[in-house]
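Before any comments, here is the structure.
The values are calculated or read from the model by the stated rules, or taken from the named source; none is laboratory data. Note that this is a predicted model, so its numbers are computed, not measured. Glycine gets a Cβ as well: all are built from the backbone with ideal geometry, and neighbour counts include every protein chain shown.
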């Protein structure tokens, strides 16, 4: 079943909500919050329709919308989702209402602007995940910068302006090079006789040999795309904007940043870098894997020594996202499955961690670990839920973090045992920094008198954290629900890589007339990986 | 004897502009000072009618006055920009003139005359005609720059502009003379393919001098030194006009020469390349350290001249210059809208005597005047080149043209400069949204005339940013009709 306008509605409903917010009086905080929440919840409800209509067996894009937009150069309004983007959209629509709830009381200055920024941000992020036209993708990619810039810069903490500028300038530097690369790719398609910005069409052309990229061009284009995505992820050594942005951002900003914005980078690698530039991806894979592993280990080690709880969680993101990048560039069906799963589970568990840290901040207005200590006594519920989230983030079996990391390591190990061995260090370290920080914050005796009277989580906060805990548990034990829907698309990424390479090597240039036809299935991609995959999923489902 | 009717049709916009300019001059001593709104209304009517009169050259395209002028889609496009700018500038400065107690009659008349000159430049197919247009617009601009007669900075600005501008026009004129010596004609279309002597030293020198004259007028480095001082010293509405209209007309003239004279595209390519890079860096690096918003915008306009020069270089580098020309035209539209709006906001918020034009003075503007802050942010984001604004598509088309001509390095330098530019545009937004004001600045209510102009500029920026089809298709058509 294909709903005709579902994705358009999903993309622009938040903006419509933001416009409606503009009509409210600025002092009317209660109604501004309610309207924002209603919009975000409605958005989430609508996004669930995606699940109902999603065909998990199909490899292509679903819910597609295709309209002409700008004729010269030919740019189309082309939307669609597949297994890679489906759950990322759902993650976005889930985290936005939670962020709004989390900011219910903590944001009391310029409330209207805050919720407008948050909703516009949601539109930008969803747009990134559903765009299938390179130009449209870039448009959303850049548009999303401005609300995030405001969220950090206006409602952030002391060094917010520095952090906001750093965030925008870093991202812009990468993305402007990506724009040049997009246009270059367009020029190449024009030279081949079919000028287009359409991702699906470019993929078809690459598959059937209508379009062949010389290896030097491919590597340069790959470099430009990859740099933009790597900054966003962020991959070591491009990560330095992240701790600042996270630490200075308000809770909702951190949740959105860690939960979904970082995934735009890894999503971009899966969606663009691998299928469009397979040869370059292969050639650079060892270097990228090394950077990813360094990021995993370095992020974990730096997280260990942080004195600021929020900064600690931020560095843990560097470490966890390193796993995702490693999984992608291991080019193994299982590791890529794991990468996709890890994106989701990191979004949930790190989102929950930031929500918890935000709740502590609301009470004490500090993130410093030494200011806390023994908090389990005054606030047992918050402490218990926070511990649960820490376990999830550290990759405890039965919880969501385990599934992603296990799949990534299993898949990577099948191809590159050394990479997997080094990366496994990150799993150990993550337990160290998370549990050690937990111990310092929640266990032991109360170190500060003013902490003794802190109120425990109220109904709103409990609702948020219990919901997150439930999702963490569900993702941990019900992972096939997710993996079965992402499997076809991850296989497809690998297939696109293989076909393209075969044709680049000069096989089958006579198939020029095949434009738009469905490619015949290529048997035998990772036949051995299929067994490993089924082992992995049966392990999880037990 | 009267010229043939068709020739008159082809210069109808200029005729209307000049007629209304003279009418306003004639009425200005008669109308009492309290009734100056009448003069403004008449001038607006004149600009509006001139805009309507562009229908005539649209209906009767072709060469006028035995090839001195040409009415085609290209000249039509530029006419719309310059007359539209004049209309908005007059409307936007209505309140400024009243506040600064300046005479409205002469001001409007000068704008109308300058615009007529720009119109001539846009249509000129012959170098001396182009020179007349250039002088018409320049001389009016010199006077406009010094319009606040008792303000020393305004006088300083006008003096600098006049002295350096005269040099530049002298260069331009000398260039015309040498070119005439080399080719035996001043008609652009006759210089092209017919001239066998298209590579002589004399021609090279002539074209080089012409380039210098034009580069001065568009504030391209290394001939940009006057720009910050003049833009800062001139009354802000005049700066709004100077940084948009004459620039568009001069770029139009440069494009006309580039396309018609084959020797020019070969000779100018590297000059354009170097000037583009120098302007981008000079403008952006200069803007980084400015404390005055007005001066920062002046530097940014140098950088933007550099961006447009990239499009010109792209046009010069290939036998099919259409993409480059269309990109330059599109960029001029998007640039004119935001620059005009930004300078008019500075004029309004600067307060009497333009005392508050430092970035510092804009702190907390989002609290005091949220609409103005939002509007200025939109313009700055467009200058920065973020999507959903016209500025983004403008840059997009320039990138596209540069890559089509294989100017990858130039594209990369443009990309680098966009990021440098982001820093100082965002700094203004930081001040407006993220800092608390140090001192309380009384905010004057925004007059409706200015609101209208800002609404048009903002709506235009977003509309063109989302639905560029009409503008870019017309620009592409204009590029095709040039030869």
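Observations on the structure shown:
- Residue in segment A:82-89 that is within 24 Å of residue A:227 (Cα to Cα) and within 10 Å of chain B (Cβ to nearest Cβ) present: no
- Check on residue A:484, surrounded by fewer than 16 Cβ atoms within 10 Å (Cβ to Cβ) and either at pLDDT 85 or above or outside any helix (DSSP H, G or I) (or both): yes
- Within segment B:371-388, tally of residues that are more than 10 Å from chain A (Cβ to nearest Cβ) and either closer than 13 Å to residue B:307 by Cβ or crowded, with 22+ Cβ neighbours inside 10 Å (or both): 8
- Residue ID - nearest to the chain's Cα centre (by Cα), chosen from residues in segment A:182-200 that are more than 14 Å from chain B (Cβ to nearest Cβ) and in contact (Cβ under 8 Å) with a residue 24 or more places away in the chain: A:199
- Test: residue in segment A:117-136 that is in a helix (DSSP H, G or I), within 20 Å of residue A:240 (Cβ to Cβ) and within 11 Å of chain B (Cβ to nearest Cβ): no
- Looking only at residues in segment B:28-37 that are surrounded by fewer than 16 Cβ atoms within 10 Å (Cβ to Cβ) and in a helix (DSSP H, G or I), the one that is nearest to the chain's Cα centre (by Cα) is B:37.
- Filter result (part of a helix (DSSP H, G or I) and surrounded by fewer than 20 Cβ atoms within 10 Å (Cβ to Cβ)) within segment A:378-390: A:380, A:381, A:384, A:387
- Test for residue B:310: is it part of a helix (DSSP H, G or I), in contact (Cβ under 8 Å) with a residue 24 or more places away in the chain and within 13 Å of chain A (Cβ to nearest Cβ): yes
- Of the candidates A:375, A:355, A:368, the single residue that is more than 26 Å from the chain's Cα centre (by Cα) and surrounded by 24 or more Cβ atoms within 10 Å (Cβ to Cβ) is A:375.
- Test: residue A:425 is touching a helix residue (DSSP H, G or I) at 6+ places or on another chain (Cβ under 8 Å), at negative phi and crowded, with 20+ Cβ neighbours inside 10 Å: no
- Within segment A:21-41, tally of residues that are crowded, with 16+ Cβ neighbours inside 10 Å and closer than 30 Å to residue A:132 by Cβ: 4
- Candidate set from segment B:129-154 (those that are modelled with pLDDT under 90 and outside any loop (DSSP other than H, G, I, E, B)); member that is surrounded by the most Cβ atoms within 10 Å (Cβ to Cβ): B:154
- Candidate set from segment B:435-483 (those that are within 11 Å of chain A (Cβ to nearest Cβ), free of Cβ contacts under 8 Å to residues at least 60 places away in the same chain and farther than 30 Å from residue B:262 by Cβ); member that is surrounded by the fewest Cβ atoms within 10 Å (Cβ to Cβ): B:470
- Hey, residue A:428 assigned to a helix (DSSP H, G or I) and free of Cβ contacts under 8 Å to residues at least 24 places away in the same chain or not: yes
Residue by residue, here is whether (1) over 26 Å from residue B:96 (Cα atoms); (2) within 16 Å of the chain's Cα centre (by Cα); (3) modelled with pLDDT under 90 holds:
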| site | (1), (2), (3) |
| --- | --- |
| B:172 | yes, no, no |
| B:175 | yes, no, no |
| B:199 | yes, no, yes |
| B:202 | yes, no, yes |
| B:210 | yes, no, no |
| B:227 | no, yes, no |
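- Residue ID - nearest to residue A:14 (Cα to Cα), chosen from residues in segment A:102-116 that are assigned to a helix (DSSP H, G or I) and within 13 Å of another protein chain (Cβ to nearest Cβ): A:116
- Qualifying position, being at the interface with another protein chain (Cβ under 9 Å from one of its Cβ atoms), modelled with pLDDT of 90 or more and within 24 Å of the chain's Cα centre (by Cα), among A:179, A:227, A:165: A:179
- Residues satisfying the stated conditions in segment A:42-68, i.e. part of a helix (DSSP H, G or I) and under 20 Å from the mean Cα position of the chain (by Cα): A:43, A:44, A:47, A:48, A:50, A:51
- Selection of segment B:404-430 for residues being more than 10 Å from chain A (Cβ to nearest Cβ), touching a residue at least 12 places away in the same chain (Cβ under 8 Å), part of a helix (DSSP H, G or I) and under 27 Å from residue B:271 (Cα atoms) yields B:410, B:413.
- The condition of being part of a helix (DSSP H, G or I), in contact with a helix residue (DSSP H, G or I) (Cβ under 6 Å, 6 or more places away or on another chain) and either closer than 18 Å to residue B:92 by Cα or at pLDDT 90 or above (or both) holds for only one of B:336, B:366, B:323, B:371, that being B:336.
- Number of the exception - residue A:99 against (1) away from chain B (no Cβ under 14 Å); (2) closer than 26 Å to residue A:269 by Cα: (2)
- Single residue of segment A:69-81 satisfying the filter (within 15 Å of residue A:10 (Cα to Cα) and surrounded by fewer than 24 Cβ atoms within 10 Å (Cβ to Cβ)) that is nearest to the other protein chains (Cβ to nearest Cβ): A:77
- Condition met for residue A:172 (under 25 Å from residue A:91 (Cα atoms), assigned to a helix (DSSP H, G or I) and at the interface with another protein chain (Cβ under 9 Å from one of its Cβ atoms)): yes
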